[in-house]
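Trainee: Questions regarding the structure given below will be posed in turn.
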Amino acid sequence: MNKVDLSKPKVPNQAPKWLGTYGKYLYPKLATYLNKNDKILRADEYLLQQYCSAYDTYRMAYEEVLEHGVQQPIYKTVVSPVDGKEVAKNFLEYKKNPAYQIMSDSLKQMNTIGKELGLSPKARSQMMDLNLPTTDDKKTAVQSLKDFFK
């Protein structure tokens, strides 16, 4: 197994092979966008992969909801005791399509990971506001306190 230096800047632009169709499509676009930020490290690749995986799950669940609807009818089948044939199918109620919950969970996961990657307006502004000290700006805690109380 190859060793990877996770402290290097930039995440790879090529999507991992294990990602689904939608995730593979999104990955290089997000990687290109994220690599423009100098605060992104190779270690962030894991978050990007998880984001794209959640997106893939979201899109598959969304297609399922589009095809079958948000709710599904539940019927009770009435069978004849004489010959065992179906006599009637009575509507009972609607149940929520399980794909809707999968969609919701994936979206929550994307929002959480997206904030970590700086994909929301608030997260981007916070990343821009980070002013890491340069070697010239580094002071000891004692010196900083002295300067503060002058």
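The values are calculated or read from the model by the stated rules, or taken from the named source; none is laboratory data. These numbers come from a predicted model, not from an experiment. Backbone-built Cβ (ideal geometry, glycine too); neighbour counts: all protein chains shown. These accessible areas exclude ligands, DNA and RNA; they are computed on the full protein's heavy atoms, side chains included. Shrake-Rupley method; radii C 1.70, N 1.55, O 1.52, S 1.80 Å.
Trainee: Pairs Lys8/Lys29; Lys17/Lys108; Lys76/Lys96; Lys8/Lys115; Lys8/Lys122; Lys95/Lys115: which exceed 28 Å Cα-Cα?
Mentor: Working: Lys8/Lys29 20 Å; Lys17/Lys108 24 Å; Lys76/Lys96 17 Å; Lys8/Lys115 21 Å; Lys8/Lys122 25 Å; Lys95/Lys115 33 Å.
Beyond 28 Å: Lys95/Lys115.
Trainee: Counting only heavy atoms of protein chains, what accessible area per residue, in Å², does the stretch 73-127 have with a probe of 1.4 Å? Please report the intermediate quantities before stating the final value.
Mentor: Details: 4030 Å² over 55 residues.
Computed with neighbouring chains in place, this is 73 Å² per residue.
Trainee: Cβ under 13 Å from Asn111's Cβ, Asn111 left aside: what net charge do those residues give with Lys, Arg +1 and Asp, Glu -1? Working shown, then result.
Mentor: Numbers: positive: Lys108, Lys115, Lys122; negative: Asp105, Glu116.
Net of charged neighbours comes to +1.
Trainee: For Gln71, which sequence-distant residues (separation of 5 or more, or a different chain) have an amide H within less than 5 Å of its own amide H, given hydrogens modelled in the peptide plane?
Mentor: Here Asn97 satisfy the definition.
Trainee: Find the Rg to Rh ratio for the stretch 1-102, where Rh is the Kirkwood radius over alpha-carbon pairs and Rg uses the same atoms.
Mentor: Working: Rg = 23.2 Å, Rh = 17.2 Å.
Here Rg/Rh amounts to 1.35.
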